[in-house]
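One structure below.
Since every read-out is calculated from the coordinates, none of them should be taken as a lab result. Being a predicted model, the structure only gives us computed values, none of them experimental. Reconstructed Cβ throughout: ideal geometry from the backbone, glycine too, with neighbour counts over all protein chains shown.
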Amino acid sequence: MLRACQRVLKPGAPLVFFVVAVAAGLSARDTARAIEAGPVYVDAGPGYPSLLEAAGFVNAKVVDVTADYAVTLSDSIRARNNDRRQLEQLLSVDEYAEGQSSRRQELAAIQNGLLRRCLISASAPDNNATPTAGL
């Protein structure tokens, strides 16, 4: 996907996205817990700077916004609790419960330092770009 993005962007054009990722430095057991609690594809293997570099991007930056995301996720859980009846009618009782359970599990993993939310940015290469190596 990153290589496809790099091919269609003009030289120097930015690529910016958010991810929920497994926190660095976890034990094997905690990594497994983080993967279980996170969204699909939460384990980015070598990390986004390496993936971006391999796809040809430059000037990769990672900004940790985990604390803000935890507040947002907590607010989302609370708001969905307040609108429970309407959401159960719109979705289903099971789908509502599943979504809330998933959000609570992700929030707990964030609060326990297993997951983090990051803003990732990089640029499509141009002739004057600085490689991302060393991030």
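Computed over the chain, relative contact order equals 48 percent, with contacts defined as Cα pairs under 8 Å that lie 6+ residues apart. Pick from Val20, Val65, Val93 the residue whose mean-square fluctuation is largest in a GNM of the chain, springs joining Cα atoms under 10 Å. In this elastic network of the chain, the residue with the biggest mean-square fluctuation among Val20, Val65, Val93 is Val93. Each Lys and Arg Cβ is given +1 and each Asp and Glu Cβ -1; about its Cα centre, the chain then shows a dipole of about 160 debye. Shown here are the Rg and Dmax of the Cα trace of the chain, at 17.8, 56 Å. Tell me which of Asn59, Val93, Leu115 sits at the most positive position along the dipole axis of the chain, charges placed on C-beta atoms (Lys, Arg +1; Asp, Glu -1). The one lying farthest along the dipole's positive direction is Asn59.
Annotation for Arg7 and Arg84: the two label points, set 7 Å from Cα along the Cα-Cβ direction, are 4.9 nm apart.
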